[in-house]
Amino acid sequence: MQEELNTAVKVGRLVWIVENFFKEKERSYHEIGMYYLMGLPVGSAIVSSQEYTSKDGPVTLRFRWFPVSELEQVTLRPSFLKKALQNLPEQIEHIVWNDD
């Protein structure tokens, strides 16, 4: 995250270990993701802006903040995050998810 956002990121505890199955362009994928709580510095320009862009080689990345209560209207993958982010577990959870 620090590389993508070009700012210091505080990494907190591990929340989810996710085995995610999905298709992209007719190709099947299985990824294993580790999801951590993270925080940005107080007063960070990224936090105070509604949208933030950065470059990754020739690709422009666009980051946008959404209230957790509005995630149902956002395309978010893996899609379990729309509800899970509203009620973070107190202990690490292992989730097997299929977005096909």
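Tabulated results
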{"quantity": "Over the chain: Kirkwood hydrodynamic radius from C-alpha pairwise inverse distances, Å", "calculated": "15.5"}
{"quantity": "At R0 = 25 Å, FRET efficiency that the Cβ-Cβ distance of Leu14 and Ala45 yields, to 0.05", "calculated": "0.35"}
{"quantity": "Spacing of the two label points (7 Å from each Cα toward its C-beta) at Phe63 and Glu93, in nm", "calculated": "2.5"}
{"quantity": "For the chain, size of Cβ-based charge dipole, Lys and Arg +1, Asp and Glu -1, in debye", "calculated": "200"}
{"quantity": "Most mobile listed residue (Pro67, Pro58, Pro89) in the chain, GNM with C-alpha springs under 10 Å", "calculated": "Pro58"}
{"quantity": "The range 2-98: relative contact order as a whole-number percent, Cα under 8 Å and 6+ apart", "calculated": "33"}
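Quick note: the coordinates plus some simple rules give every number you see, no bench work behind them. Just so we're clear, the structure is a prediction, and the values are computed from it rather than from any experiment. Cβ atoms come from the backbone with ideal geometry, glycine included; neighbour counts cover every protein chain shown.
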